[in-house]
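The values are calculated or read from the model by the stated rules, or taken from the named source; none is laboratory data. This one's a predicted model, so the numbers in the text were calculated from it and none came from an experiment. Note that each Cβ is placed from the backbone with ideal geometry, even for glycine, and that neighbours are counted across all protein chains shown.
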């Protein structure tokens, strides 16, 4: 037995409801992807900065964009044996740019120089980009200037 809609308005209503559900489910999927990316980014930022804290520069360099490796290693060499990071904080809010798959993260470092035991505080602004093909975050602006300047 076939059901027939009595008017074109009924068909329009069914199509409208289906379109609404499709858009709604797509929006939910996008929000979940951003939430997953956000949580993943926080883990990556924590890992990178923890590696810096413990002078694990080789591990930290893994997250740095290949074109910035030389600059990163130059800065890491200046830090080696001269500076100790005692703590760091990832400051909210993280500034998201979903169109560019990018985020800006502010880090507060607490550190001292090995020739001067006074604790200093400095702010770093890191730029990260999500690479969908690799499903990974990459640091595109390390900003170690606060640590390398005297």
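Scanning the range 97-123 for residues that are in contact with a helix residue (DSSP H, G or I) (Cβ under 7 Å, 6 or more places away or on another chain) and over 15 Å from residue 150 (Cα atoms) gives 98, 103, 105, 107.
Here residue 57 fulfils each of the conditions (1) more than 16 Å from residue 38 (Cβ to Cβ); (2) out of contact with any helix residue (DSSP H, G or I) (no Cβ under 6 Å at 6 or more places or on another chain); (3) touching a residue at least 12 places away in the same chain (Cβ under 8 Å) apart from (2). Do the conditions hold for residue 90, that is, is it in contact with a helix residue (DSSP H, G or I) (Cβ under 9 Å, 6 or more places away or on another chain), part of a strand (DSSP E or B) and surrounded by fewer than 18 Cβ atoms within 10 Å (Cβ to Cβ)? For residue 90, the condition - in contact with a helix residue (DSSP H, G or I) (Cβ under 9 Å, 6 or more places away or on another chain), part of a strand (DSSP E or B) and surrounded by fewer than 18 Cβ atoms within 10 Å (Cβ to Cβ) - is met.
Looking at 59, 65, just one residue is surrounded by fewer than 16 Cβ atoms within 10 Å (Cβ to Cβ), under 18 Å from residue 137 (Cβ atoms) and modelled with pLDDT of 65 or more, and that residue is 59. Note on the range 74-87: residues that are surrounded by fewer than 13 Cβ atoms within 10 Å (Cβ to Cβ) and either under 16 Å from the mean Cα position of the chain (by Cα) or touching a residue at least 24 places away in the same chain (Cβ under 8 Å) (or both) total 4. Here residue 108 qualifies as modelled with pLDDT of 95 or more, surrounded by 13 or more Cβ atoms within 10 Å (Cβ to Cβ) and over 12 Å from residue 45 (Cβ atoms).
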